[in-house]
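Take a look at the structure set out below.
FYI, it's all coordinate maths here, none of it is from the lab. All values derive from a computational prediction rather than experimental measurement. Please note: Cβ atoms are built from the backbone with ideal geometry, for glycine as well, and neighbour counts cover all protein chains shown.
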Amino acid sequence: MSPRPWYPAKIGAVAAVYFGAAKLGLLAAVAQKVVSSAWPPTGVALATLLLFGVRFWPGIALGAFLLNWTSGVPAAGAAGIAAGNTLEAVTAVLLLRRVADFRPSLAGLRDVFALVTLAALVSPLVSATIGVLSLWASGMIERAAAGHLWFVWWSGDAMGDLLIAPLLLAWAHAPRTRWPPARAAEAGVLLVSLVGLTAALLRPPTGDEYAIFPLIIWAALRFGVLGSATASGIVAALTIWSTVHGQGSFVGSTPTHDLLLLQMYLALLSVTGLVLAAMTTERRQAEQAARESEQRYRTLLENAPEAILVHQDGRWILANRAALKLLHAARVEQLVGRPTLDIVHPDYRAVVRERIEREFATGEPAPLLEQQFIAVDGTVLDVEVVGIPITLAGRQGGQIIVRDITERRQAEQAVRERQAEVRRSRERLEALSQRLLKVQENERRLIARELHDQIGQALTAVKLNLESLRSGRRAKAFPLDESVAIVEQLMEAVRSMSLELRPSALDDLGLAAALRWYADRQGRRAGFSVRVRTQLPAERLASDLETACFRVAQEAITNVARHAGAKRVEVDARAEDGTLDLTVRDDGSGFDVAAVRGGTTAEGSIGLDGMEERVHLLGGDFRIDSQPGTGTTVWARFPLTEP
């Protein structure tokens, strides 16, 4: 069923409540029978329209009309008064909502100040003005009394807004939960104390009426707006009843003057309580919001993928799981409570201290900084850090977001080292190329000398023998025998040069045979003993691999023959576990490897570099161990598969 058919009934209920409250208010009507110094219907009307909407204004108008008409005011005058009372409530609601963005719960100081100024001070101007004019027009009052009645009307309506409206609004927004026994007991004690003390203060001798304020403050601080409005309402009911009946602290002059003093007292009482309650509510709301905000912050921080730490007063106070993992901490207690700079590497502490001071001074985030942290276990970590100044619990602090860049730093270092190695290799290759050109020229010069000195002279001798045979100057047998011997020497020389350039044993018989042949040949020439041991597979190795291994051994043995003065040379070649290992060891004079390879000794450096380059080109490793007087060991390892 639509709620619309119930609207007239609701209007009637509002009118009845207004009428009843007005009848109570007429008890304080001492200046004129329908003008009261305490007018509860004003508060009822304001609370009704705030809680249920302005559409219930007809109930206010009907209740006000019936009250004044039944109180002897002519119908026209009663209608005017009803219009003024209704406009007063509607004006107050519109001002509160549109000007002050009013919250009926009275949860803040802004709402209390709006209620006091816009509702209690401004809106009664409408009702008082229209009401007094209506009474004068109806002949109910003399013109001379209009000013005095206007003030009584205005102040009475203001009291209704200050006392009744907050009471109704507070109870309408009171939580629907049961109080714990301790809180209920406290409320009971407060109520009994309030009623008892108020009653006691109204008895003679009087003058201590302000002693009730501590109880109002108690109600406001402990029970908020609900407690403050209820306490003020109880005190107001008791003091108004007492004053109207000629009793209490405010009796001593005319009734109107007595009620005016009471109005001032109750206004001060109500406003004090409402302001304290609003301040307490705001503080509690702010504390609750701060707790919720901090909890949300902690939740976000804890679940953040980045390492986040928070510091305050020079110590760490928060660290999320990612930060614990980054700093190798098993428990949060290993970080929280420690001095801020404890985890910072000593090389960066001065910089970090300056950054924190600058953050706090400017309130601006600190830019990204690459630095080092020391983990709980002492590990040094490369990190990048961003600092953000924050406020926690009203105090200045700082938050840092940390990213581990140790792997990146290591990768960058590896790249730099690789670049340096490439640069050094290029420089070695350039130097090697220059030396190879020199060696090539020297080899050409040597071959030319051999051709000229040995083969050229032998051919010249053969030519002379042949010419002597042609001329018949000598006996035929001798020149022929001599020429045959010369040709045989010439053939041996050519064969020796060919073997030096590339031995046929390497191509025909393989690496093991070539190593034995060359080592034995050099041993006979230089006068040292040779032992060659090989452990190679039955099938031939790759041609490039055999050539490289033989050339390294050839260079090493040649260097022994030329420079070492050794008595014994050992050559080992072994293929196992996917590698080919070559070792050439002698007991000769040895040499300073660093001096030769550093260029201070030019002779031999080209040979050592050449050996190393051959090995590295096939993806192998090369090493020379030697010291003056200790002999030399040349070691090379080649992979048996393609690098």
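Can you give the Rg to Rh ratio of segment 73-150, both from alpha-carbon atoms, with Rh computed by the Kirkwood formula?
Reported Rg/Rh (Cα atoms, Kirkwood Rh): 1.12.
Find the Cα radius of gyration of segment 304-404, compare it with 2.2 N^0.38 Å by division, and give the number to two decimals.
0.98
Compute the helix-to-body angle for 40-52: its Cα long axis versus the longest principal axis of the chain, expressed 0 to 90° and rounded to tens.
Relative to the chain, helix 40-52 is tipped by roughly 40 degrees.
Which aspartates and glutamates, on any chain, are close to Lys463 with Cα under 17 Å apart, when same-chain ones fewer than 8 places away are left out?
List returned: Asp453, Asp481, Glu482, Glu488.
Just to confirm my numbers, what's the Cα centroid distance between segment 570-589 and segment 347-416 in Å?
54 Å
Would segment 508-643 count as rounded, prolate or oblate if I go by the C-alpha gyration tensor, calling it rounded below 1.5 in a/c and otherwise prolate when a/b exceeds b/c, oblate otherwise?
Judged from the Cα gyration tensor, segment 508-643 comes out oblate (a/c at least 1.5, b/c at or above a/b).
Mind checking which aspartates and glutamates have their C-alpha under 16 Å from Lys23, skipping anything on the same chain fewer than 8 residues away?
Asp157
Highest mean first, what order results for 149-156, 215-222, 623-630 on Cβ atoms within 10 Å?
Ranking the peptides 149-156, 215-222, 623-630 by packing returns 149-156, 215-222, 623-630.
Cut-off under 15 Å on the C-alpha distance; same-chain residues fewer than 8 positions from Lys325 excluded. Which aspartates and glutamates are left, in chain and number order?
Hits, sequence-local ones excluded: Glu302, Glu306, Glu333, Asp377, Asp382, Asp404.
If the viscosity is 1.567 mPa s and the temperature 4 °C, what translational diffusion coefficient in µm²/s does Stokes-Einstein give for segment 174-287 when Rh comes from Kirkwood over Cα pairs?
87 µm²/s
Taking amide H positions as placed 1.01 Å from N in the peptide plane, with prolines and chain starts having none, which residues 5 or more places from Trp316, or on another chain, fall under 5 Å of its amide H?
Amide H neighbours of Trp316, under 5 Å, 5+ apart: Gly337, Arg338, Thr340.
Lys and Arg at +1, Asp and Glu at -1: add these up for the other residues within a Cβ distance under 12 Å of Pro41 and post the number.
Net of charged neighbours comes to -2.
On each of the three principal axes of the Cα atoms of segment 1-172, give max minus min coordinate, whole Å, ordered largest first.
44, 41, 25
About the Cα centre of segment 1-172, how large is the charge dipole given +1 on each Lys and Arg Cβ and -1 on each Asp and Glu Cβ? Please answer in debye to the nearest 20.
Computed charge dipole of segment 1-172: roughly 340 debye.
Karplus couplings for segment 512-519 from phi (6.51 cos²θ - 1.76 cosθ + 1.60, θ = phi - 60°), rounded to Hz, Gly and Pro as x?
In residue order, the calculated couplings are 4, 5, 5, 4, 5, 4, 5, 5 Hz.
With contacts defined as alpha carbon pairs under 8 Å and 6 or more residues apart, what's the relative contact order of the chain in percent?
It comes to 7 percent, rounded to a whole number.
Go through segment 325-333 residue by residue and turn each phi into a ³J(HN,Hα) via Karplus (6.51, -1.76, 1.60, θ = phi - 60°); whole Hz please, and just put x for glycine and proline.
5, 4, 9, 6, 9, 7, 10, 5, 5
Based on DSSP H runs of at least 4 residues, each adding -39500 (n - 2.57), what is the mean residue ellipticity at 222 nm of the chain after dividing by all its residues, to the nearest 500 deg cm²/dmol?
-20000 deg cm²/dmol
Starting at the first residue of segment 128-142, write each ³J(HN,Hα) from the Karplus equation 6.51 cos²θ - 1.76 cosθ + 1.60 with θ = phi - 60°, in whole Hz, x for Gly and Pro.
Once rounded to whole Hz, the list reads 4, 5, 5, x, 5, 4, 5, 5, 5, 5, 7, x, 7, 9, 7.
Towards the positive end of the charge dipole of the chain, with charges on Cβ (+1 Lys, Arg; -1 Asp, Glu), say which of Leu301, Leu545, Pro124 has the farthest Cα.
My answer, from the dipole projection, is Pro124.
Treating only the Cβ atoms of Lys and Arg (+1) and Asp and Glu (-1) as charged, compute the dipole magnitude of segment 297-422 about its Cα centre; round to the nearest 20 debye.
Using Cβ point charges on Lys, Arg, Asp and Glu, segment 297-422 gives about 340 debye.
List the trypsin sites (Lys or Arg not before Pro) in segment 158-189 that DSSP assigns to loop (not H, G, I, E or B) and whose Cβ has at most 10 other Cβ atoms within 10 Å. Which are they?
Listed in order of number, the matching sites are Arg176, Arg178.
Suppose every Lys and Arg Cβ carries +1 and every Asp and Glu Cβ carries -1, with no other charges. What dipole size does the chain come out with about its Cα centre, to the nearest 20 debye?
1180 debye
Angle between the Cα long axis of helix 477-501 and the longest principal axis of the chain, 0 to 90 degrees, nearest 10?
With rounding to tens, the tilt is 10 degrees.
Using the Cα centre of the chain as origin and beta-carbon charges of +1 (Lys, Arg) and -1 (Asp, Glu), tell me which of Leu260, Thr177, Leu221 is placed farthest towards the positive end of the dipole.
So the residue furthest toward the plus end is Leu260.
Given a cut-off of under 8 Å on Cα pairs at least six residues apart, what relative contact order in percent is computed for segment 304-404?
28 percent
Just need the Rg to Rh number for the chain, please, alpha carbons only, Kirkwood Rh.
Value, to two decimals: 1.56.
Average projected area of the Cα convex hull of segment 501-578, in nm²?
5.2 nm²
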